[in-house]
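Take a look at the structure set out below.
No value in this document is a laboratory result; all are computed from the given coordinates. Model, not experiment: these values are computed from the prediction. When we count neighbours, we look across all protein chains shown, and the Cβ atoms used for this are built from the backbone with ideal geometry, even at glycine.
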Number of protein chains: 2
Amino acid sequence: MPNDPRPEPAHRASEQRDPAKGALHGVRVIDLTQFEAGTSCTETLAWLGAEVIKVEEPTKGEQGRGASTDKPGVDSHYFMLLNANKLSVTANLKHEKGRAVLCELIKGGDVFVENFAPGVIERLGFGYDAVKALNPRIVYVQVKGFGSDTPYKDYLAFDMIAQATGGAISITGDPDGRPIKPGPTIGDTGTGLHAAIGVLAALYQRQFTGEGQHIRLAMQECVINYGRISYAAQYLWGHAAPRMGNQSIMGTNSPSEIYPCKGGGPNDYCYIYTSRANPQHWERLLKIIGREDLIGDPRFTSPQERFKNRHIVDEMVAAWTTHHDKMAVMKRLGDAGIPAGAVLDTMELSGDPDLNRRGIFVTVKHPVRGDFKMPGWPVKMSASNVPIIAAPLLGADTEEVYSRVLGLSKEEIAALRAEKAI
Amino acid sequence: MPNDPRPEPAHRASEQRDPAKGALHGVRVIDLTQFEAGTSCTETLAWLGAEVIKVEEPTKGEQGRGASTDKPGVDSHYFMLLNANKLSVTANLKHEKGRAVLCELIKGGDVFVENFAPGVIERLGFGYDAVKALNPRIVYVQVKGFGSDTPYKDYLAFDMIAQATGGAISITGDPDGRPIKPGPTIGDTGTGLHAAIGVLAALYQRQFTGEGQHIRLAMQECVINYGRISYAAQYLWGHAAPRMGNQSIMGTNSPSEIYPCKGGGPNDYCYIYTSRANPQHWERLLKIIGREDLIGDPRFTSPQERFKNRHIVDEMVAAWTTHHDKMAVMKRLGDAGIPAGAVLDTMELSGDPDLNRRGIFVTVKHPVRGDFKMPGWPVKMSASNVPIIAAPLLGADTEEVYSRVLGLSKEEIAALRAEKAI
């Protein structure tokens, strides 16, 4: 199995000028990830133009394929959301020849990412030292729940465990209510994006040093980074940052709330905020809601005073918002230079024509499910714009990749398959 | 003002091998950011080793310095959390000579980042085309609330507006309650991290093309990326993803909840989860809570059945957890291979000895406030480890930077200052 004779980066300068090939065109990722915290990292790299080769167990594939599927045997939507633009090959890592195939992939790879349960990848023989020995240029990434030198290093983690232990749940919910888990999966995708930052920085660094490195992330610790501002609240109040309902985490302003709008549905609300830095927001708002009479009223002149009197503020703002639908409230206030945002649900967002035109939602063709609409990649780069394509079926690219990348013949591939090595 | 005679990247190979200098050593960022969505991007770049020159208005500086401060005239904790490891210089962009200083900085810069209100940077004369004309190698980044070709392009945005319009608020809260804003600032810091990904990818790409590019991000759209999995829930249920309380967003499993623990304080809870992919989690849990009698009970054999009977599940798990404190619950279950995580608050996290030893919390020395503990950078890289230092006072580095980078004499700097140009 010869190494892939890829041209060196310096020879690819002209190709790089094609935005459709992406910023990471020419970078190969060996992807051993599963579920979300790892797969969201490698999907990001694919959307930046990297070639991501997802290496999966041959019979069922990565666990996310089956998890939460509505149709047994058909890849879940969950999987499809996290594995677009990847290639899928199979390798049985409990078979000597399956491991040999992975070794060859590693020799021709630039990045290796895994997020198995603690200890698994090392037991499979692909810990950092082993992979580095095969390819010292590789950027090797491990995502776990907790730091590798903490009492919790062997514990399993999922998004919600990271959100609990990283502080996100403690600061979400109503002040007098129980803690609530944020809906967005910042423990999983939030960590995957941090991992992508590490990979990209290491690839840049490698241009100067010629060497790869070992990158480690703990989901708990990445969640802490998203809660950064709550430590300002802790300093301000002298105790742990409290739950603030819909208030800003600093709790020093009003309005800073969702207000009920016409319709009365579960998401018929509009968030209205007035910046701490711009007192005009409040006066503009008073004019729109027909309460110019309160301009200059000392109960409301500063954010602090309005916060003290927020129950009065909330009542009078709501008295106006309930007569208008949420989009009209957002438009009326936005046009007047007041920060306002309708509480949009997933159906409204995925149906939004502007977001679809911009590729924030894209419809891909899946070989089994057909048309599938999914969120795309939100970072718009003038010289890197990779079209989004559907997640691969299990092993869809085994023949192509093992032939092109490893130089295996059809017969060799068939033999490996017969032995259940791939 | 001559350009900075920095060595070309190829000459810096040996320096790059010092991990303390960081992966981005040699990269210069011209930082026009304010508040959080932009500052979190450039802080991330600084923690990867970039030289970040924060260019501020000369009298009050960036607005985040004063916002929410507890001591008027002293930089806020909020600012300190978002501007560590940066240099601060002043330039009056309404003064011709102040703009000339910024032009010279741009000529020697690699990255330019701004997140002013829509239209401001263009009115100041530093829109993309102007900056590109000065330096075609520059990576130019703009962070706004909404896409630049949408009806909301001119609207102001803050974290909560992005969380409302990006769907995060609609999927957070109890099923029968109102929408709740997640505490973590995924609209702000969550967008800043996406911006950092764009910068890093563009810097890598520039190694091959020699050219910079234009990167644009909308906070609304980055929030959508964190809510990716809720679109699987939408497919599953056939309507907008609902609020699920503490359940996983897919709502297909039990236990998947926070359970009350001994103490009864506002955060005395432990999250307990059983993976969809591993039925052993449930049986292990039954043994620990002393309910082996229910192993095999058809009401609880699958995640789906347990979800249907989750009120019974929750009651019997809580009957056990309430007798133990949250750390004991986490340890007991974690040791047994069951995913569990205590709901930790900011005080518990910032006091955790392991997280402090690992640099997830660091204490920096601020010239006015003295010792200040803050979250550090969670991506641990074996060849890039930048010590964290306190945010600069306004203009702390004006003389050093304008002398070293622009070659200005003390007299020239004093003259610019006297003219209120810097």
J(HN,Hα) series, the stretch B:292-308, from Karplus relation 6.51 cos²θ - 1.76 cosθ + 1.60, nearest Hz, glycine and proline x: 4, 4, 8, 4, x, 4, x, 5, 10, 6, 10, x, 5, 5, 5, 5, 4
With the convex hull built on the Cα atoms of the stretch A:317-377, state its orientation-averaged projected area in nm². 5.5
Over the whole of A:40-50, what's the average partner chain Cβ count within 10 Å per residue? Rounded to a whole number, please. 2
Are there trypsin sites (Lys or Arg not before Pro) in the stretch B:299-357 that DSSP puts in a loop and that have at most 15 other Cβ atoms within 10 Å, and which ones? B:299
Can you list residues whose amide H is under 5 Å from residue A:213's amide H, if they're 5+ apart or on another chain and H is modeled 1.01 Å from N? A:139, A:140
Going through the DSSP H helices of chain A, which span 18 Å or more along their own axis at the Cα atoms while scoring at least 0.0 as a mean Kyte-Doolittle hydropathy? A:189-209
Given q = 0.09, 0.10 Å⁻¹, what are the Debye log10 I(q)/I(0) values for the protein assembly as shown, with equal point scatterers placed on the Cα positions and solvent ignored? -0.86, -1.07
List, in order, the whole-Hz ³J(HN,Hα) value for each residue of the stretch A:392-398 obtained from phi through the Karplus relation with A = 6.51, B = -1.76, C = 1.60 and θ = phi - 60°; use x for Gly and Pro. x, 5, 4, x, 4, 10, 4
Burial-style ranking of B:341-348, A:415-422, average other-beta-carbon count within 10 Å with highest first, yields B:341-348, A:415-422
Max mean-square fluctuation residue, GNM over chain B, Cα-Cα springs under 10 Å, options B:380, B:97, B:181: B:380
Label points for residue B:407 built 7 Å along Cα→Cβ; distances to same position in the other copies, nm, shortest first, come to 5.2
I'd like the mean, over residues of A:146-155, of how many other protein chain beta carbons sit within 10 Å of each residue's own Cβ. 5
Assume the label is 7 Å from Cα along Cα to beta carbon: what separations in nm does residue B:367 have to the matching positions in the other copies? 6.3
Can you work out the FRET efficiency for the pair residue A:103 and residue B:278, with r the C-beta to C-beta distance and R0 = 41 Å, to the nearest 0.05? 0.90
Excluding residue A:223 itself, what net charge comes from residues whose Cβ is under 14 Å from its Cβ, given Lys and Arg +1 and Asp and Glu -1? -4
Quick one: divide the alpha-carbon radius of gyration of the stretch A:14-68 by 2.2 N^0.38 Å and tell me what you get. 1.31
The stretch B:265-326: equivalent-ellipsoid semi-axes (sqrt of 5 x gyration tensor eigenvalues, Cα, Å): 20, 13, 11
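Let me confirm one metric for peptide A:357-368, namely the mean number of other chain beta-carbon atoms within 10 Å of its residues' beta-carbons.
2
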Filter B:331/B:380; B:107/B:144; A:262/A:287 down to the pairs with a C-alpha to C-alpha distance above 22 Å, please. B:331/B:380; B:107/B:144
What does the convex hull of the Cα atoms come to per residue for the stretch B:139-259, in Å³? 146
Amide H contacts under 5 Å for residue A:389, restricted to residues at least 5 apart in sequence or on another chain and with H modeled in the peptide plane, are A:85
Assuming R0 = 56 Å, can you tell me the calculated FRET efficiency for the pair residue B:305 and residue B:59, based on Cβ-Cβ distance, to the nearest 0.05? 0.30
In whole µm²/s, the translational diffusion coefficient that Stokes-Einstein assigns to chain A, given a Kirkwood hydrodynamic radius over C-alpha pairs, 20 °C and 1.002 mPa s, equals 88
Highest-fluctuation residue, A:396, A:277, A:241 considered, GNM on chain A with Cα pairs under 10 Å: A:277
Rg and Dmax of the stretch A:167-221, using alpha carbons, in Å: what are they? 16.7, 55
Top mean-square fluctuation among A:87, A:48, A:333, Gaussian network model of chain A, C-alpha springs under 10 Å? A:333
In whole percent, what relative contact order does the stretch A:268-345 give with Cα contacts below 8 Å and a gap of six or more residues? 50
Relative contact order (%) - criterion: Cα under 8 Å, at least six apart; region: the stretch B:327-422: 14
